[in-house]
Amino acid sequence: MSDAKHRERIRQELKEAGATKYGLTKRSAKELPRFIHEDEHIGGVIYGQTNQGSAMMVATDRRILFIDKKPLFLTADELTYDIVSGFRSNNTGMIITTATLHTRMGDYTFRYVNQKALNKFQSFIEKRRIELLGDTSNAQRQSTMDKPPEAPPREKRKHNVIGEEDIEFLGKNDVGVLSTIDREGTVHGAVVSYVVEPNGAIYVLTKSDTTKARNIRTNGQVAFTVFDKYELTTMQINGLASVETDQDTKNNIFHKINRPRETSIGSSLAPVARLNAGSFVVMRIDIMEASLRKYVERNS
């Protein structure tokens, strides 16, 4: 399919989902054809104001996409239906309609939402969730061991499990091994660049279609390992990972990690910049347990 036909098909599906002429002129709508596959179809759309400005959310037969296009920056989050925990809308009786999609990775809230598009979006989301859940009786018989544990709200997570020495060690290094778990319980390890903040939160920049990103969307439990070969020191961490949604934080982490670094072959960007696996996404790891071990032999 030609690019022109692909864009026209996306435009028509947005109109059928309730997008107005005004909605079709938004930057996010014009950016959407880059992310929709040729055999993927739109069933719902909402757009309006978020805390970071105007944005759009699209529900397809495969996934949910959050697109926030600014003149010099693009945010694109990909969500699977199995992490959606609910949808709520509130009409004040005036022109303000608020809609919130609740997920295990955080909430997405829009204000000034078109009511016609909202109704179609909500119906499509509910239909897809029912289709994926299948027969309720079978779901009830499923062992709870097969279900990924839900992460507690960030405000209830531990932030004092590591001390100043731990944060200092993490700050002196910037590469670690992130281990995630897929739906079948298989562990996947990946070397990643990271940033640690003064409060102990660790941030990783990756792409939305990588194995680790897909795993974290369904199971936030992760392990993170950092090794300093010069000091013979390791830090092993168990934590809960989630998609960072705060725009200022995402911008800050993106620029800190995706910067030129000196290597044996000269200056180069972080490896994540060369991954062809969707759009950039920032993952936050809240530390639940940590162990810092030093293996340097000290002279008596």
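A compact table of results
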quantity: Scope region 107-135; condition out of contact with any Gly (no Cβ under 9 Å at 6 or more places or on another chain) and either more than 14 Å from ALA55 (Cβ to Cβ) or assigned to a helix (DSSP H, G or I) (or both); matching residues; calculated: GLU126, ARG129, ILE130, GLU131, LEU132, LEU133, GLY134, ASP135
quantity: Search result, residues across region 37-56 that are open to solvent by 10 Å² or more (accessible area, probe 1.4 Å) and over 17 Å from ALA117 (Cα atoms); calculated: HIS37, GLU38, ASP39, ASN51, GLN52, GLY53
quantity: Considering residues of region 236-264 that are modelled with pLDDT of 85 or more and in a strand (DSSP E or B) only, the residue farthest from THR80 (Cα to Cα); calculated: GLN236
quantity: Selection within region 265-299 - modelled with pLDDT of 85 or more and loosely packed, with under 11 Cβ neighbours inside 10 Å; calculated: ARG293
quantity: Every pair of residues 6+ apart whose Cβ atoms lie under 6 Å, when the first sits in region 221-246 and is without any contact (Cβ under 8 Å) to a residue 60 or more places away in the chain while the second is open to solvent by 70 Å² or more (accessible area, probe 1.4 Å); calculated: ALA223/ASN238; THR225/GLN236; ASN238/GLU289
quantity: Qualifying positions in region 192-213 - open to solvent by 40 Å² or more (accessible area, probe 1.4 Å) and in contact (Cβ under 8 Å) with a residue 60 or more places away in the chain; calculated: ASP209
quantity: Residue ID - farthest from GLN49 (Cα to Cα), chosen from residues in region 85-101 that are of a type in the set (A, V, I, L, M, F, W, C) and at pLDDT 85 or above; calculated: PHE87
quantity: Options VAL58, VAL45; residue that is more than 18 Å from the chain's Cα centre (by Cα) and of a type in the set (A, V, I, L, M); calculated: VAL45
quantity: Residue in region 7-24 that is at pLDDT 85 or above, in contact with a helix residue (DSSP H, G or I) (Cβ under 6 Å, 6 or more places away or on another chain), within 29 Å of ASN251 (Cα to Cα) and open to solvent by 40 Å² or more (accessible area, probe 1.4 Å) present; calculated: yes
quantity: Where ARG217 falls short, out of the listed (1) modelled with pLDDT of 85 or more; (2) among the charged types (D, E, K, R); (3) closer than 24 Å to THR103 by Cα; calculated: (1)
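The values are calculated or read from the model by the stated rules, or taken from the named source; none is laboratory data. Here the structure is a predicted model, which means the values were calculated and not measured. Heads up, the Cβs are rebuilt from the backbone with ideal geometry, glycines too, and the neighbour counts pull from every protein chain shown. For accessibility, only protein heavy atoms count, side chains too; no ligands or nucleic acids. Shrake-Rupley method; radii C 1.70, N 1.55, O 1.52, S 1.80 Å.
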